[in-house]
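Since the structure comes first, as structure tokens, the remarks are kept for the end.
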Amino acid sequence: MNTPTPPRVLLASTSRYRAESLRRLLADFEQAKPDVDEIPLEGESPAARAERLAIAKAVAGAVGQANTLVIGSDQVAALDGNLLHKPGSVARACAQLAACSGRVVVFHTAVCLVDTHSGHQAAAVDHTQVRFRTLSAVEIERYVAREQPLDCAGSFKCEGLGISLFERVDSSDPTALIGLPLIALAQLLRAAGVPLP
């Protein structure tokens, strides 16, 4: 009797943060950059955008893949409903953190799993509220200089010194803030037949 070949796992992202997170669940997976247009749609809510892009990345990553579980994920940060992008520069990171000082930023983190063998697709979205402390200009400049969070939406790394910027975090999944909601992903992988733990 032939034992079925277990599916490969492909993370449709080249993010080192997402890869580090996924290694908590799986030792063996591949990564690929999906070709997805990330331009926001007019009138689209931040949560809907995160889910749409997570699905689009998983679907794009699944093209040409056989017997593969493809993971797509996306995170959208919003302050008063307005998107916070990756700052890309020290000046923009400082300005973004100053805008967030003493306020609540909502992070919508979506994950999608596509099974290329069955064609099944499932997605989930986590909503994390981050309340920032009131931050002085000196604290902001010191933080940005030390951690250089220029490739992070919201201009911080919560897995590092960025945690010191917060008053509180409200979430159903503490891993979501890093960019990959592992509780939801573990549920999706188990449903697809991956034994976890």
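The values are calculated or read from the model by the stated rules, or taken from the named source; none is laboratory data. Just so you know, these numbers come straight off a predicted model, no measurement behind them. Note: ideal-geometry Cβ built from the backbone for every residue, glycine included; neighbour counts use all protein chains shown.
Any chance you could count how many residues in the range 93-117 are in contact (Cβ under 8 Å) with a residue 24 or more places away in the chain, part of a helix (DSSP H, G or I) and either of a type in the set (A, V, I, L, M) or closer than 17 Å to residue 146 by Cβ (or both)?
Number satisfying all stated conditions: 5.
Restricting the search to the range 128-142, which residues are touching a strand residue (DSSP E or B) at 6+ places or on another chain (Cβ under 9 Å), crowded, with 18+ Cβ neighbours inside 10 Å and touching a residue at least 40 places away in the same chain (Cβ under 8 Å)?
128, 130
For residue 83, indicate whether it is in contact (Cβ under 8 Å) with a residue 40 or more places away in the chain and in a strand (DSSP E or B).
When the stated conditions are applied, residue 83 passes them.
Just to be sure, is residue 5 more than 18 Å from residue 110 (Cβ to Cβ) and either polar (S, T, N, Q) or in contact (Cβ under 8 Å) with a residue 24 or more places away in the chain (or both)?
yes
May I ask you to list the residues in the range 16-32 that are hydroxyl-bearing (Ser, Thr, Tyr) and touching a Lys or Arg at 6+ places or on another chain (Cβ under 9 Å)?
If the condition is that a residue be hydroxyl-bearing (Ser, Thr, Tyr) and touching a Lys or Arg at 6+ places or on another chain (Cβ under 9 Å), then 17 is the only one that fits.
Determine, yes or no, whether residue 61 is out of contact with any Cys (no Cβ under 9 Å at 6 or more places or on another chain) and at pLDDT 95 or above.
So residue 61 fits the description; yes.
Just to be sure, is residue 6 under 17 Å from the mean Cα position of the chain (by Cα) and in a loop (DSSP other than H, G, I, E, B)?
Taking the combined requirement at face value, the residue does not satisfy it.
Being buried (at least 17 other Cβ atoms within 10 Å of the Cβ), without any contact (Cβ under 8 Å) to a residue 40 or more places away in the chain, of a type outside the set (A, V, I, L, M) and under 22 Å from residue 86 (Cα atoms) is true for just one of 154, 162, 179. Which residue is that?
162
Only residues that are farther than 15 Å from residue 37 by Cβ, among the small types (Gly, Ala, Ser) and either without any contact (Cβ under 8 Å) to a residue 40 or more places away in the chain or in a helix (DSSP H, G or I) (or both): list them for the range 59-80, please.
Correct list: 62, 64, 78.
Can you find even one residue in the range 21-40 that is of a type in the set (Val, Ile, Thr) and under 24 Å from residue 150 (Cα atoms)?
Yes, that holds for at least one residue.
Please go through the range 143-183 and pick out each residue that is out of contact with any strand residue (DSSP E or B) (no Cβ under 7 Å at 6 or more places or on another chain), among the hydrophobic types (A, V, I, L, M, F, W, C) and either closer than 14 Å to residue 106 by Cβ or in a loop (DSSP other than H, G, I, E, B) (or both).
150, 152, 156, 158
If you scan the range 14-43, which residues turn out to be among the charged types (D, E, K, R), within 27 Å of residue 160 (Cβ to Cβ) and either assigned to a loop (DSSP other than H, G, I, E, B) or in contact with a Pro (Cβ under 6 Å, 6 or more places away or on another chain) (or both)?
23, 24, 28, 33, 38
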